[in-house]
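The values are calculated or read from the model by the stated rules, or taken from the named source; none is laboratory data. Everything numeric in this text was worked out from a predicted model, so none of it was measured. Note that we place each Cβ from the backbone using ideal geometry, even for glycine, and neighbour counts take in every protein chain shown. Surface accessibility is based on the protein's heavy atoms, side chains included, excluding ligands, DNA and RNA. Shrake-Rupley method; radii C 1.70, N 1.55, O 1.52, S 1.80 Å.
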Amino acid sequence: DAGVTQSPTHLIKTRGQQVTLRCSPKSGHDTVSWYQQALGQGPQFIFQYYEEEERQRGNFPDRFSGHQFPNYSSELNVNALLLGDSALYLCASSLGPGQVNQPQHFGDGTRLSIL
Amino acid sequence: QQQVKQSPQSLIVQKGGISIINCAYENTAFDYFPWYQQFPGKGPALLIAIRPDVSEKKEGRFTISFNKSAKQFSLHIMDSQPGDSATYFCAASNTDKLIFGTGTRLQVFP
């Protein structure tokens, strides 16, 4: 049973560029959440997708956007990259919002470095 | 109000000892409190979780103690092993949006 998979594992970009990160949820899960984890910090919630729509959003600017596909996979897009966007980006999957606070299972993340 | 405060920042325990990590929260609407374990280069892995209608939950060597009136909860790792050396995060949620603590780096020495 495949867990949450994320690609790529590492990415290097320069300031001002745009990036797309990808996530496939655990089998049977239909909800995807994205988190940003700066070095030495806890993950911070970016947003959550269910039924191809953004359900809730954390305190992140509009440069951060996402998408969920009919097969429940998801993308995180970040525009106009800043040095401060350097972080580990984590995807977590869970069952739908009808079952509140279901366990969230994380992938191993994409390490994004901005030069 | 959305913060979860975690302590200590780092912890050194001898093999076989008990590791204790504490967290405190302000938002009384939180109703789900998971603990995650993270190894270097890996994503957080769910260890154990509790809801506020119980005061304690035990799974193997891991126990969560929950004090609703004090708005505090803690993770106890019994018989700590070198393989438990990792960073541990507490979290809280009431809308599927997890609010994480700042993490505790645990080192267990033989």
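Conditions (1) among the polar types (S, T, N, Q); (2) out of contact with any strand residue (DSSP E or B) (no Cβ under 7 Å at 6 or more places or on another chain), marked per residue:
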| site | (1), (2) |
| --- | --- |
| B:GLN6 | yes, no |
| B:ILE20 | no, no |
| B:GLY41 | no, yes |
| B:LYS58 | no, yes |
| B:THR63 | yes, no |
| B:PHE89 | no, no |
| B:GLY101 | no, no |
| B:VAL108 | no, no |
Legend entry - Conditions (1) more than 12 Å from every other protein chain (Cβ to nearest Cβ); (2) surrounded by fewer than 16 Cβ atoms within 10 Å (Cβ to Cβ); (3) more than 10 Å from the chain's Cα centre (by Cα); number of the one not met by A:ASN77: (3)
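Could you name every one of the strands (runs of 3 or more DSSP E) located completely within region A:3-115 that has at least 2 residues being β-branched (Val, Ile, Thr)?
Working: elements: A:5-7, A:10-13, A:19-24, A:31-37, A:44-50, A:53-57, A:64-68, A:74-78, A:87-94, A:110-114.
Once the strands (runs of 3 or more DSSP E) in region A:3-115 are filtered for at least 2 residues that are β-branched (Val, Ile, Thr), what remains is A:19-24, A:31-37, A:110-114.
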Legend entry - The one condition in (1) in contact (Cβ under 8 Å) with a residue 40 or more places away in the chain; (2) at the interface with chain B (Cβ under 9 Å from one of its Cβ atoms); (3) farther than 26 Å from B:THR104 by Cα; (4) of a type outside the set (Asp, Glu) that A:LEU88 fails to fulfil: (3)
Legend entry - Residue count for region A:3-32, restricted to those that are open to solvent by less than 70 Å² (accessible area, probe 1.4 Å) and farther than 14 Å from A:THR110 by Cα: 10
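Any chance you could count how many residues in region A:80-98 are over 16 Å from A:GLY28 (Cβ atoms) and either in contact with a Ser or Thr (Cβ under 7 Å, 6 or more places away or on another chain) or crowded, with 17+ Cβ neighbours inside 10 Å (or both)?
7
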Legend entry - The one condition in (1) surrounded by fewer than 17 Cβ atoms within 10 Å (Cβ to Cβ); (2) assigned to a strand (DSSP E or B); (3) touching a residue at least 12 places away in the same chain (Cβ under 8 Å) that B:VAL108 fails to fulfil: (1)
